[in-house]
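Enquirer: For reference, the structure I am asking about is given below.
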Amino acid sequence: MRRIFRGLIQRPLTEPAPAPDDAALAELAQRVDMAARRTLGRSLSIREVDAGSCNGCELEIHALNNAFYDLERFGLRFVASPRHADVLLVTGPVTRNMRMALERTWRATPDPKWVVAVGECAVDGGLFAGSDAVVGGVSAVVPVDLHIRGCPPTPLAMLQGLLALLSVSASG
Ligand code: SF4
């Protein structure tokens, strides 16, 4: 009973969240939108594929859509079908059970398309490398255009990666 009471009156032990840099975020997101329109002539459509992650990377990807980041205002859209996507954002080590699904999703995505491997596991299997249940990184199954490292990477790192990808594509 005493512990419950103490829990009610004590302040949380967690550290305060870092102050968000609204201006930098807005500028970065706007640059991604402009690069997408220059490269594709329209906004960027993203299909997320969880190939076997622990869901940590997904939490950060979901954050791109929350009320704070709200990336749809800059023309970045998550779509439900690979047939409507420009970018496949793939997370996790590729598990044996997800290998065929990833291959089929890649084949269903129209050209030109980009594959972005998100997180350390997507690079080379990360924590799960060597497991019998895992094939390896995303590039063991489909061609990868960009790796975004981190465990998990932050939403800002993902935006920076998308911007770099679009800028290189526009200049090439
Ligand atoms: S990179 Fe980290 S957060 Fe992402 S799936 Fe692997 S262990 Fe989870």
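The values are calculated or read from the model by the stated rules, or taken from the named source; none is laboratory data. Just so we're clear, the structure is a prediction, and the values are computed from it rather than from any experiment. Glycine gets a Cβ as well: all are built from the backbone with ideal geometry, and neighbour counts include every protein chain shown. For the accessible areas, the whole protein counts, side chains as well, though only heavy atoms, and no ligand, DNA or RNA atoms are used. Shrake-Rupley method; radii C 1.70, N 1.55, O 1.52, S 1.80 Å.
Enquirer: Grab the helices (runs of 4 or more DSSP H) fully contained in the stretch 1-72, keeping just those with 1 or more residues being modelled with pLDDT of 75 or more, within 16 Å of the ligand (Cβ to nearest atom) and closer than 14 Å to P155 by Cβ.
Expert: Output list reads 56-63.
Enquirer: Report yes if D86 is surrounded by fewer than 20 Cβ atoms within 10 Å (Cβ to Cβ) and charged (D, E, K, R), otherwise no.
Expert: No; evaluated as a whole, the condition is false for this residue.
Enquirer: Okay, next question. Anything in the stretch 145-158 that is in contact (Cβ under 8 Å) with a residue 40 or more places away in the chain and either in a helix (DSSP H, G or I) or of a type in the set (A, V, I, L, M) (or both)? List them, or say none.
Expert: P155, L156, M158
Enquirer: Go through (1) farther than 24 Å from L64 by Cα; (2) surrounded by 15 or more Cβ atoms within 10 Å (Cβ to Cβ); (3) more than 16 Å from the ligand (Cβ to nearest atom) one by one and return the number of the condition V141 breaks.
Expert: Result: V141 passes all but (3).
Enquirer: Tell me yes or no: at least one residue of the stretch 122-138 is among the aromatic types (F, W, Y), outside any loop (DSSP other than H, G, I, E, B), buried (at least 16 other Cβ atoms within 10 Å of the Cβ) and within 16 Å of the ligand (Cβ to nearest atom).
Expert: yes
Enquirer: Continuing with the same structure: From the list P143, P110, which one is more than 13 Å from the chain's Cα centre (by Cα), of a type outside the set (S, T, N, Q) and more than 18 Å from S43 (Cβ to Cβ)?
Expert: Every option except P143 fails the conditions.
Enquirer: Which is open to solvent by 60 Å² or more (accessible area, probe 1.4 Å) and more than 16 Å from the ligand (Cβ to nearest atom), of A108, A164, A80?
Expert: Step by step, each of A108, A164, A80 is checked, and only A80 is open to solvent by 60 Å² or more (accessible area, probe 1.4 Å) and more than 16 Å from the ligand (Cβ to nearest atom).
Enquirer: Starting from the stretch 51-72, take each residue that is open to solvent by 20 Å² or more (accessible area, probe 1.4 Å) and list its partners that are more than 9 Å from the ligand (Cβ to nearest atom) and of a type in the set (S, T, N, Q), counting only C-beta distances under 8 angstrom and pairs at least six apart or across chains.
Expert: Listed by first residue and then by second, the contacts come to G52/T95; G52/N97; E60/T154; E72/N65.
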